[in-house]
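To keep things clear, I will list the structure first and then write my remarks on it.
The values are calculated or read from the model by the stated rules, or taken from the named source; none is laboratory data. Quantities reported herein were computed from a predicted structural model and do not represent experimental measurements. Using ideal geometry, Cβ is built from the backbone for each residue, glycine included, and neighbour counts are taken over all protein chains shown.
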Amino acid sequence: MKAPSRSNGKSKPSFGRIIARVVWMSIKLLIIPVLCVAALIVGLAIGFSVLGDKPVSEVFDIKTWKHMYDLVFAEGG
């Protein structure tokens with residue numbers, strides 16, 4: 001006489017659970033870079049407007065960053 005087979009409790013996960021795990025892992029992987037970029041933007045805006053006494057809109061102007069690049073990498077002479 002054989003004993004009836006038992007399931008070991010490891011059933012195949014449903015499609016919804018797989019999608020939920022993929023979404024959760026994506027969120028966990030992306031949260032740090034997104035927070036770093038947000039902190040960079042907020043820091044630039046606050047530093048440029050408070051310390052530099054300039055309008056916040058100039059932070060996102062390409063001319064501002066070209067001028068900064070030219071100041072940093074100008075030939076000293």
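For (1) modelled with pLDDT of 90 or more; (2) under 19 Å from the mean Cα position of the chain (by Cα); (3) surrounded by 10 or more Cβ atoms within 10 Å (Cβ to Cβ); (4) assigned to a helix (DSSP H, G or I), each residue gets a yes or a no:
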site: ASN8; (1), (2), (3), (4): no, no, no, no
site: GLY16; (1), (2), (3), (4): no, no, no, yes
site: ALA20; (1), (2), (3), (4): yes, no, yes, yes
site: SER26; (1), (2), (3), (4): yes, yes, yes, yes
site: LEU30; (1), (2), (3), (4): yes, yes, yes, yes
site: PRO33; (1), (2), (3), (4): yes, yes, no, yes
site: ASP53; (1), (2), (3), (4): no, no, no, no
site: ASP70; (1), (2), (3), (4): yes, no, no, yes
site: GLU75; (1), (2), (3), (4): no, no, no, no
Note to self: Anything in segment 35-77 that is in contact (Cβ under 8 Å) with a residue 12 or more places away in the chain and small (Gly, Ala, Ser)? List them, or say none.
What the structure shows: ALA45
